[in-house]
1. Under a point spin-label approximation (7 Å from Cα along Cα-to-Cβ), what is the residue A:109-residue B:379 distance to one decimal in nm?
2. Per residue of B:236-246, what is the mean number of Cβ atoms on other protein chains within 10 angstrom of that residue's Cβ?
3. Using the Cα gyration tensor of the stretch B:176-218, with a ≥ b ≥ c the square roots of its eigenvalues, what is the shape: rounded (a/c below 1.5), prolate (a/b larger than b/c) or oblate (neither)?
4. I need to check one value: relative contact order of the stretch A:2-308, counting alpha carbon pairs closer than 8 Å and at least 6 residues apart, in percent.
5. Quick one: angle between helix B:154-166 and the longest Cα principal axis of chain B, in degrees between 0 and 90, rounded to 10, please.
6. Take the Cβ-Cβ distance between residue A:196 and residue A:91 as r, set R0 to 22 Å, and report the resulting FRET efficiency rounded to the nearest 0.05.
7. When ranked by the protection proxy of mean other Cβ atoms within 10 Å per residue, highest first, what sequence do the peptides B:225-237, B:283-295 form?
8. Percentage of Cα-Cα pair distances in the stretch A:2-308 greater than 25 Å, rounded to whole percent?
C-alpha cells in the first residue's frame, strides 16, 4: 500500500508539471491550430534564466532565505520567457499566419532547434545544478515520503490552473481569447484585436512555462539546454490525451500522464513477471495515449472538430 | 551536337578529377596528417565529450609544437573533431564522413554504444581506431584488428565492483539499474555476474534511459524490495538526480556506480546527497598517475577542470603517434602493423595492448564521495 501511495505521489508531482507545460501547447493550439514545438524550449529558457539569477543571488546575499531566492529566480524568468514568446510569435509565426498549416509547424521546430543551440552557447554544454537552498523537510503520509518541495509544486500548479481558468472564463481578455478561438474573422468584426489576443496567449503560456521550468529544475536539481525537448514532447502528448485546444483537458491529461507513467514504471515488471521491465515506462504511457485516441480521437475532454468548423 | 558537347564536358570533368586526385596523392597527404576525434558534442553528455576532444587536442598541439618527422618529411597533425551525439546512428554517419575525409586514424568514440557500430566502418576502411573510454567487452571481441582501447573494459571493472559490493560494502540484497546503453547494460551485466558469484542476492533489475531525469517510479518499486545496495550502470546526468531522489524517497541503500558516475559533475548534480556514494574508475586516480599532477596543470590551464577520461584521450594520441614513428609513416596499414608492439609510458600508466586490442594494465580504482569530493578508497588489479 505504501508503495502504491508513493507511486501516486510521484505521478502527481510529475503530472502537475506536465499539466502546466501542456497548458501552453493547448492554448496556442486552441486559438491558432498551431503546435508550438518551441514551447518546451521556452520552459528550458525559464529554468536557465532562473538558475542564473538564483546563482547570482546566492553569491551576493547568501543570508537570504532559500524561498526568497527561488522566488527571485521565478520573477526574473517570467518576464524573460514572456518577452521570448512575444518575439517568437511576432518573428516566426505571425508572418506565416496565412500560410499553409505545415509551414508554421516546420518553423516551430526550427525555432526550437535555434533556442536549444542558443542556450548551449549561453549556458554551456554542462548540466547546471540547482543550489541546495530549499528546505528538505519531509512528511510521511500513508507510508509515502512527501517533501515540502513536492507539496509546493502540486499546490502552486493547481493555483496556477485555477487562476488561468478564472482568466479565461471571467475576464474580458479571456472572453476575447475564447471568441478568437471560435473564429478569428468574426472576433475581429466584433472589435477584438486578434493580434493582441494571440500575443497575450503566447505570453501567458510562456509565463506558466517559466514557472514550470523552475519547478523541474528545483525538483530534479539540474537544468540543461536539452531538457525542454523531452518535457515538451511529454507535455504535448498530455495535451493531446486531454483533448488539444481544451484547457481543462490539458490539466487532466498532464496529471493522468504523470500518474500512468509512474504506475507503469512501478508495476509493469511485477505484473508481467519480469517479461517487460521498467524501460517500457514510456511505451506504456504512449500505449495508453494511443488507446485513448483510438476510442476518442479528439482526446478525453476534446470537442469534435467538426462542430467548430 | 548536344550529345557530343556532353561527351566533351564529361571528359573534361574526368580529366580534371583525375589530375586533382593525383595532385592530392603526391603533395597533400604527406604534409598534413588528419586524425579524427569523435565524441558527443551536443546532447546530455556534451561536457564529457568536449573534454575527450580537448584531451586529444592537447596531445596533438604538443606533438605539433615539438615537430614530427615521418619518412624524412616534416608533417603536421590535424585533429578533426566530430559530434556523434552519443547516438549509434549518428556515430556511423560521422565515422563514414571521417573515412571519406581521409583520416589515417580515429581517437574515439566516447560511448560504447557508438564505438561498436562505428568500429565496423573503420575496420572496413582499414583505419586504426583507439577509444579512450569505450569499455564494453563487445568492442574488442569482434575480432577487428583495427580496434584498440586504452582503458580497462567492463569485465574488469564490473568484476571489481561486484566483489567490492558484496565484500567490502557487505551488501546482501542488491538492486541493479541500467540505462540500456551498451555501456550501462554491459557494466550492469558484468556487475550482476560478479555480485552473484560472490554470494550477493539480486532482488530487482530496473531500467531507465540516458535522457531520463525522473527515477522516482523505479526507485519506489525498488524500495519495496528493501535492498541494502543499489548499483547503477550509467552516466552522471542520470546518477546525480538518482542519488537525490533516493534520499527524498527515504531509501537508505547505498548507491554504487562505475566510471560514468565518478566525475566532478556527479557531485555537483547530487549535491549533499552525493555523500557516501561509491563509484569505480578504470586505471589510477589522475593524481596518482605517473604523469598525473603535471598533466592536470597543463590541461586545466588550457581547457578548465578535467571531467573524467581526458588522460586516456591524450594517451591514445601518443600511442598512435608512437606507432607512426616506429612505422616511419602515417599509412594506416603500416601503423596497424606497429600498434600491437606499443609499449609506452603514458599519463594514465603503461600503455600496452593484448592480442584483442584491450589494454593489459587494467587497474580499477574505487572512490567514495566524502565531504563533497571523490576520495580514493582502494585500487584493485
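The numbers here are math on the coordinates, done by the rules we state, and not lab data. Bear in mind the structure is a predicted one, so any value in this text is a computation, not a measurement. Note that each Cβ is placed from the backbone with ideal geometry, even for glycine, and that neighbours are counted across all protein chains shown.
1. Those two pseudo-labels are separated by 5.1 nm.
2. Mean partner-chain Cβ count within 10 Å for B:236-246: 3.
3. oblate
4. Relative contact order of the stretch A:2-308: 35 percent.
5. Roughly 10 degrees, rounded to the nearest 10.
6. About 0.85, to the nearest 0.05.
7. The packing order, highest mean first, is B:225-237, B:283-295.
8. 50 percent
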